[in-house]
Every structure is written in C-alpha cells, then in structure tokens.
Amino acid sequence: MKEAWMQRAIWLAKKGEGMVSPNPLVGCVIVKDGRIIGEGWHEAYGKLHAERNALAHCVEDPKGAEMYVTLEPCCHYGKTPPCTEAILSAGIAKVYVGSFDPNPKVAGGGMARLREAGVEVVTGVEQAACDALNEIFFHFIQKKTPFVAMKYAMTLDGKIATATGESQWVTGEEARNHVQLLRKRYSAILVGIGTALADDPLLTCRIAPSCNPLRVLCDRNLRIPLESKLVQTAKEVPLLVVTETGGEKKAALEKAGAEVLVLPKVTMGEVVMELGKRNIDSLLVEGGSQIHGSFLSEGLVQKVYAYVAPKLLGGEKAPSPVGGAGIGRMAEALCLQQVSVTPLGEDFLITGSVK
C-alpha cells in the first residue's frame, strides 16, 4: 500500500500548482492502522508546509502513525518552523519520503534529524513521480535561474501560421485549454515583439483561482503599441518590458503600469539571469520562431511542449516553430528525452526534456 499512499500524496501536492512558487510542491498523507487520519499539501507560499498542514487536519492522535511525504521534510527555519520538529512532537513513528531535497539548507539533514530521534525513515517511494513533480524547484534551487519551457502549436507539416501570417487557431479548444494549465504552473511567460504585434495577446491564465504569470515582453526598440492588450492591462497583471532603448515611450509605458528594463543588449541569457535575480523560478516561452531559435541556440531550454494539429498548410514562407541559423549537421541536433504523447481532442501534445 505504500505506493498507493504516496500516489495520494502526489495528487495532493499538485493542488498547489501556481500558488507556492518559488517553494516546491509537496503533499503529505498520515496513515494509522491502515487508515488515512490526516492529509494536506503546501497550499501557498508562506502558508503551512504539507507536513504541518496534514498534522493540523488529523482526526485522531497521530502518535505511532506513518507519514508519506513527497519531499524530504525541512529541518531549517524559513517562513515556517522546521517540519522535522512538528513530526517529532506529533510522535510519528515512520516516515516514507519520495524525493531528496537538493536545497543546501536540507540536503539529507531532514532525514538525518528524524533518524537521530529514533524515527524510521524509508526513502525512494515513487521517487520518479515525486522527482517529476518538482523539476522546476530542483532546477531553480541548484542553478538560481528559471526552469525554461518552450511551448508552441504547429501543424503536421511543421507550420505555426499560414504563409499570410494567420495563426488563430492551429489547434482545437481542448489543446488551447491545456495551455492554461501551463500558464498556471509557470511563474513567468515570455513573448517577443513579433508575437505581440501579430496576435495582440493577453498572456493571462483563465484558471481559477487567479494566478497570472509575470508577463515578459522582449522589445528591443519599444515597438509595442500603448493600445495593446498587454499595456492596457499592465496595472492589473504585471508586465515587464525588456528593451535597449528608453525615452518618451519608456515613460509612457511606465505610466501605463508596465516595468521597463533597459539592457545594453537584449539576449535571452540576460533575460533569464534577470528573472532569476527576481526569484522567478520558471519561464514559459510562447514566442515566435526567432525567440525560440534564440533560446535554443543559447542552450537555455529545459523542456518542450509541442502541440501538433492534424492539419497541413504548406507554403515555403509559412513559419516554423524554430528560426535562427539552425543546425548544420544532423548529429548536432538537439534531442529530447523522456518523451510523452498525450491526445487532446483531435490534437496531440508531445512533451520532452532537452538532453
């Protein structure tokens, strides 16, 4: 049953998506005499961690019970006290742990603290699934830069728009709704000025409760119209415009509510570094072919979400998902691993991690 209890904890952890950044997603189940007596998850940044939440919701005394937690319990003081101390105070007899915590403040210390106090600790339960749950947190805590995912929708012949530039809609409603899940999961979303001018997007998340990502626009020459949806909603939903220029347009954008960051040279690497400094743990890139090409050529992409529609557009001038100079030899191609294919209505989502 230990796998089933941990799977329940994973399901609980996912309830925190979009709410806990830059903290990890964590779920916890407390079992006594083969029954769940308490469960919880990390619901929002600054709120109780999953272990303390589960203990607070116990329907009977947890002394002698077993705890199933997706991530190693913390043993340091942050916004909340150490979970290890709450576990010991409650008299939990055995703790099953899914993932090890690479945070230098924990890194095995949580399990060591419990074992020193006489609590039996079992590791590696459903570890692959627990690790996948926190790929964003693991990357950010170790690299201090956001986990970058590239997302695009294309036809079966690899086009993201027609030869005339029309792109709405490549995929069907079910696939487009799935994109909203990604916008909820990632802390920031980025497009280039080409996409902003062509589509006039909002880049918001339509899934309640509201948890809109930071919207990032790469616009070297500040071509974005003040009438655009991005600018018009900048006072309600944060907008960061990254540029190489200033002047009156910069002042007008700031008056409209946008933050304007002027860099000597706008590169995707500089943008990623800047977001890391702002404690942004993840970035969803929804740009056009040139933005995608830049991110890939600079080696910044960790994951790809490719929505594929069973349509054929043709046309030599119809754009593809990735631009730039491209790869010269097939042996140098960027390959994906851990690839999965998910049907979404008539479309398919292909997901993979960049090697």
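The values are calculated or read from the model by the stated rules, or taken from the named source; none is laboratory data. Values in this document were obtained by computation on a predicted structure and should not be read as measured data. Don't worry about glycine lacking a Cβ; one is built from the backbone with ideal geometry, like all the others, and counts go over all protein chains shown. For accessibility, only protein heavy atoms count, side chains too; no ligands or nucleic acids. Shrake-Rupley method; radii C 1.70, N 1.55, O 1.52, S 1.80 Å.
With contacts taken as Cα pairs under 8 Å and at least 6 residues apart, segment 5-134 reaches a relative contact order of 22 percent.
Taking the accessible area of segment 291-355, probe 1.4 Å, and keeping the other protein chains in place, the carbon and sulfur fraction comes to 56%.
Here the gap between Val339 and His57, fully extended at 0.36 nm per residue and compared with their Cα-Cα distance, gives a gain of 97.7 nm. Computed with a 1.4 Å probe over protein heavy atoms only, the accessible area of Val237 comes to about 10 Å².
Within the chain, DSSP assigns beta bridges of which about 40% are antiparallel (rounded to the nearest 5). When the Cα positions of Leu156, Val266, Ala107 are compared along the charge dipole of the chain, Val266 comes out farthest toward the positive end, with charges on each C-beta of Lys, Arg, Asp and Glu. Of the chymotrypsin sites (Phe, Trp or Tyr not before Pro) found in segment 4-99, those in coil by DSSP whose Cβ has at most 16 other Cβ atoms within 10 Å are Tyr45, Tyr77. With 32 Å as the limit, the listed pairs Lys15/Lys159; Lys151/Lys265; Lys32/Lys277; Lys63/Lys184; Lys151/Lys277 have Lys15/Lys159; Lys32/Lys277; Lys63/Lys184 beyond it between alpha carbons.
Accessible area per residue for the chain is 47 Å², calculated with a 1.4 Å probe on protein heavy atoms, without ligands, DNA or RNA.
Once all protein chains are placed together, Met273 keeps about 100 Å² accessible to a 1.4 angstrom probe.
Dividing the helix sum by the residues of the chain, where each DSSP H run of 4 or more adds -39500 (n - 2.57), gives a mean residue ellipticity at 222 nm of -8000 deg cm²/dmol. Ranking Ser282, Ser320 by solvent-accessible area of protein heavy atoms (1.4 Å probe, all protein chains present), from largest to smallest, gives Ser320, Ser282. What residues qualify as long-range amide H neighbours of Tyr96, i.e. H under 5 Å apart, gap of 5 or more or another chain, H built at 1.01 Å from N? When sequence neighbours closer than 5 places are left aside, the close amide H contacts are Met67, Tyr68, Val69, Val122. Going by a ≥ b ≥ c, the root eigenvalues of the Cα gyration tensor, does segment 155-200 fall in the rounded group (a/c under 1.5), the prolate group (a/b larger than b/c) or the oblate group? Oblate.
Working from Cα pairs under 8 Å separated by at least six residues, relative contact order for segment 83-126 is 52 percent.
With a cut-off of 10 Å between beta carbons, the residues surrounding Leu197 carry a summed charge of -2, where Lys and Arg count +1 and Asp and Glu -1.
Placing a label point 7 Å from the Cα of Ala129 along the Cα-to-Cβ direction, the residues of segment 47-89 whose backbone N falls under 17 Å from that point are 67-72.
Surface composition of segment 81-178: carbon and sulfur atoms hold 50% of the protein heavy-atom accessible area at a 1.4 Å probe. Using heavy atoms of the protein chains and a probe of 1.4 Å, the accessible area assigned to Lys250 is about 50 Å². The overall shape of segment 302-353 is oblate: from the C-alpha gyration tensor, with semi-axes ordered a ≥ b ≥ c, the ratio a/c is 1.5 or greater and a/b is no larger than b/c. Overall, the accessible surface of segment 6-59 at a probe of 1.4 angstrom is composed of carbon and sulfur to the extent of 50 percent.
Simple point charges give the picture: +1 on the Cβ of Lys and Arg, -1 on the Cβ of Asp and Glu, and for segment 253-319 a dipole about the Cα centre of about 140 debye.
Label zone (Glu259, point 7 Å along Cα-to-C-beta; backbone nitrogen cut-off 17 Å) within segment 175-197: 187-191.
Under the criterion of Cα pairs below 8 Å and six or more residues apart, the relative contact order for segment 201-286 equals 25 percent. Build a GNM of the chain with springs between Cα atoms under 10 Å apart, and of Thr204, Thr342, Thr84 the one that fluctuates most is Thr342. Shape of segment 159-255 from the C-alpha gyration tensor: oblate (a/c of 1.5 or more and a/b not above b/c, with a ≥ b ≥ c the square roots of its eigenvalues).
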